[in-house]
Amino acid sequence: MDEALRQLPEHDYIYLADSANAPYGEKSSEWIAQRSLSLCQHLVHVGCDAIVVACNTATAKAIEHIRKELPNTPMVGVEPGIKPAAMRSENGIVGVLATQATLNSDKFNALLATLPNHCRFIKQAGAGLVPLIESGHANSEDTLELLAKYLEPIQDAGADTLVLGCTHYPFLRKAIRKLLGDSITLIDTSEAVIRQLKRQLENQGVKTPDKSSDHHGSVHFVSSKDELKLLAMAQELMHSDLESHAVDAALLGSLQ
């Protein structure tokens, strides 16, 4: 969302956070697929032209199912940036911090298999980090302690590049820098994801308003748990100037 507001501020957005069920990385594949589909069906019902499945776990476990069930709505998935990380790494050692479900997924491992053999990937599940971020403690001592434990094997292996393989983890940049300094290159794919969203919208004939008009679209935050907490978290963590957009928040009702 932050990158979307930077690249495409003219559009209207609905940010749907299923916080009542976070984190997805510890759920079953069947549950993830069905829940993700239900949420996307809701977004289509309320008029979305395109959907970014902004969760690595949901992309890995559900996006093909969603695309099959909603063939007329462009779906942009996300996946850990292991390919750009392999290209950026100077010593061929790359850390991947992601959820266990993402690391175990067929989609992730198929992507891994396409990459050069000379690159070594140190895979590390980040259990417990998402709830800390969701609760507004991205830079707390508890987060630093847990993060330090997860980064230790990556650091010990000599990795010079770290893939932030969960869309929550870019909010840990400050904490990671506090622990590792500037010794490691951080990779997330938000810019590429929004470029793909822009291409999909253009392919569907959805016109982007003229940037010279200085029009900024609305941002509607929807949470399955606590909409005011979600809004406060967005205001704290996002770099975009939300005051230039019409912003509101709502609680997600029951899904059909």
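For segment 32-151, give me every one of the helices (runs of 4 or more DSSP H) that falls completely inside it and has 1 or more residues that are within 29 Å of Leu180 (Cβ to Cβ) and charged (D, E, K, R).
Passing ranges, in order: 82-88, 106-113, 129-134.
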_I need the full set of residues from segment 95-112 which are closer than 19 Å to Pro170 by Cβ and of a type in the set (A, V, I, L, M), in order please._
Val96, Leu97, Ala98, Ala101, Leu103
*asked:* With in contact with a Pro (Cβ under 6 Å, 6 or more places away or on another chain) and of a type outside the set (Gly, Ala, Ser) as the only criterion, which of Asp188, Asp248, Asp214, Asp226 stands out?
replied: Asp188
*Return yes or no: is His239 in the same structural domain as Tyr15 (by TED's automatic domain parsing), modelled with pLDDT under 90, within 18 Å of Arg6 (Cα to Cα) and of a type outside the set (Asp, Glu)?*
yes
_Residues to consider are Arg199, Arg173, Arg195; find the one that is more than 18 Å from Ala98 (Cα to Cα), of a type outside the set (A, V, I, L, M) and within 18 Å of the chain's Cα centre (by Cα)._
Arg195
*Residue check: is Gln235 in a helix (DSSP H, G or I) and touching a residue at least 60 places away in the same chain (Cβ under 8 Å)?*
no
*Picking from Lys225, Lys229, which residue would you name as being basic (Lys, Arg), touching a strand residue (DSSP E or B) at 6+ places or on another chain (Cβ under 9 Å) and not in a helix (DSSP H, G or I)?*
Lys225
*Does segment 97-110 contain at least one residue that is in contact with a Leu (Cβ under 7 Å, 6 or more places away or on another chain), among the aliphatic types (A, V, I, L, M) and in the same structural domain as Ile176 (by TED's automatic domain parsing)?*
yes
*Only one of Asp226, Asp241, Asp248, Asp156 that is acidic (Asp, Glu) and out of contact with any Leu (no Cβ under 9 Å at 6 or more places or on another chain)*: Asp156
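The values are calculated or read from the model by the stated rules, or taken from the named source; none is laboratory data. In this text, all values refer to a predicted model and were calculated from it rather than measured experimentally. In this analysis, Cβ positions are derived from the backbone assuming ideal geometry, glycine residues included, and neighbour counts consider all displayed protein chains.
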